[in-house]
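Below is one structure; the comments refer to it alone.
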Amino acid sequence: MKTVGILGGGQLGLLLALSLSRLGARVIVYDPDVAAPARKVAWKSFQAPWTDVAALKEFAAACDVITYEFENVETSGLKKLSGRTPIYPSLEVLATTQDRIFEKEFLHKNNLPVAAFFAVQSYDELAKVQDGITFPCILKTATGGYDGKGQFVFENIGDLQAFLKDRPLPALRAVVEEKLPLFMELSCIVARNSEDAEQIFPVAQNTHQSQILDTTVMPADIPATLAATVKDIALRAAEKLNLVGLLTCEFFITREAGQGNSVEVDGYHVFVNEFAPRPHNSGHITMNATTVSQYDLLARILLDVPLVEPRLLTPGYFCLANLLGEVWLGQGTESGAALSLNALKYHADVVDVVLYGKESARAGRKMGHLVTYGASAAEAIEAARNARTELAAAAPVGAVQ
């Protein structure tokens, strides 16, 4: 029986642990949070800071292989493990994808499509080049950003000068990139093992609200030529990274060429936005839409089980809608265990609901998701949004209705 260590015990780690368990593995979770959801299904867990080298060494010694559920893992402690236990994807992949400067430079170096950008290492450096900047643009901190955190939009020179005056960050290391006129956002997940065998999931189409993923539709309702181009770019990126594990490629699609290096296909311009070398929020939908999920394929990679092709289960469309803390708060509860699902009896198109088991709800926190099915993408999206709206308006468990 192989023992797999997961760095991070959130919902991605939880669902990966379930896939690993079905293949006979033991799972050990490492997370500073004593209430991390994945602890509930783990064989063993460690609760210690990411920089606790002694705890990390003890964790690694108990594992045959290690992976991680999010790319903002602090790597200083991991680098001191001296290769005792293999980590997939590698720390080299992690270093590239958790730093926006390194990631953008990787894309440029390997002739992969990327928006025009430049890197700055300080406020003073940004001030020196401000007169040469084309607006609108977006400043993104090099590290620590997710769900829109660490991003600042400058519509004009006045916005930039106000940022330089206020200095909202203690220090500045960032990329400044052109603000693309988005037509749509897509994502594509590649699975690749140590023997360079690879599989790729159908392309998904995403929408965001307040920089947080709102809905995902699989398959994306796009031309076959665009889907093929996106898949090709994702596969090339995984190969250039020498990936072992999962790589989620997020794409911006525009109808205009922009200033950067795009790939054009049938009037669409394709740019890579960023990578995630792990299971992805948009990839939850593979649990319902495809024959094997993102978690199943990563489990196979970690356990040296041959990969299989993820195929769409039906000719229709699946839509995932994130359930944020607002749904719980809408029912009048902050307890993650107290959500009423009674409203779902009116929504036959909801084919799955997954609650992550987080103890407390707050606005913007990912607490779960639901999935709907429809004959068209629009039908599936409408069903998902309606079901979520009614969940948020439902009376809490135990209330008189």
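Computed quantities for the displayed model
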quantity	calculated
Selection within region 315-348 - touching a strand residue (DSSP E or B) at 6+ places or on another chain (Cβ under 9 Å) and of a type in the set (Gly, Ala, Ser)	Gly316, Ala321, Gly325, Ser335, Gly336, Ala337
Test: residue in region 84-91 that is out of contact with any strand residue (DSSP E or B) (no Cβ under 6 Å at 6 or more places or on another chain) and among the aliphatic types (A, V, I, L, M)	yes
Filter result (in contact with a helix residue (DSSP H, G or I) (Cβ under 7 Å, 6 or more places away or on another chain) and surrounded by 16 or more Cβ atoms within 10 Å (Cβ to Cβ)) within region 146-172	Phe152, Phe154, Leu160, Leu172
Selection from region 62-78 of residues that are of a type in the set (A, V, I, L, M, F, W, C) and at pLDDT 95 or above	Ala62, Cys63, Val65, Ile66
Pair list, Cβ < 6 Å and 6+ apart or interchain, from region 218-233 residues that are of a type in the set (A, V, I, L, M, F, W, C) to residues that are assigned to a helix (DSSP H, G or I)	Met218/Ile285; Met218/Ala289
Any chance Val190 is surrounded by 16 or more Cβ atoms within 10 Å (Cβ to Cβ), within 18 Å of the chain's Cα centre (by Cα), at pLDDT 95 or above and within 24 Å of Ile212 (Cβ to Cβ)	yes
Residue list for region 27-70, restricted to those being touching a Pro at 6+ places or on another chain (Cβ under 7 Å) and farther than 24 Å from Leu246 by Cα	Gln47, Ala48, Pro49
Count - residues of region 355-398 that are aromatic (Phe, Trp, Tyr) and within 15 Å of Leu323 (Cβ to Cβ)	1
Candidates Asp159, Asp221 - the one that is over 21 Å from Val129 (Cβ atoms) and of a type in the set (D, E, K, R)	Asp221
Failed condition for Lys240, given (1) touching a strand residue (DSSP E or B) at 6+ places or on another chain (Cβ under 9 Å); (2) surrounded by fewer than 21 Cβ atoms within 10 Å (Cβ to Cβ)	(1)
Positions within region 15-49 being in contact (Cβ under 8 Å) with a residue 40 or more places away in the chain and aromatic (Phe, Trp, Tyr), in sequence order	Trp43
Single condition Leu56 does not satisfy, out of (1) at pLDDT 95 or above; (2) buried (at least 18 other Cβ atoms within 10 Å of the Cβ)	(1)
Subset of region 76-116 [among the β-branched types (Val, Ile, Thr) and part of a helix (DSSP H, G or I)]	Val93, Thr96, Thr97, Ile101
From the options Ala42, Ala25, Ala54, Ala95, residue that is under 16 Å from Lys358 (Cβ atoms) and small (Gly, Ala, Ser)	Ala42
Complete set of residues in region 270-287 that are of a type in the set (S, T, N, Q) and either within 20 Å of Leu18 (Cβ to Cβ) or not in a strand (DSSP E or B) (or both)	Asn281, Ser282, Thr286
Unique residue being closer than 20 Å to Leu298 by Cβ, in contact (Cβ under 8 Å) with a residue 12 or more places away in the chain and aromatic (Phe, Trp, Tyr) when the list is Phe275, Phe252	Phe275
In region 363-387, residue nearest to Met218 (Cα to Cα) [restricted to those that are under 20 Å from the mean Cα position of the chain (by Cα) and charged (D, E, K, R)]	Lys366
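The values are calculated or read from the model by the stated rules, or taken from the named source; none is laboratory data. This is a predicted model, so every value here is computed, not measured. Using ideal geometry, Cβ is built from the backbone for each residue, glycine included, and neighbour counts are taken over all protein chains shown.
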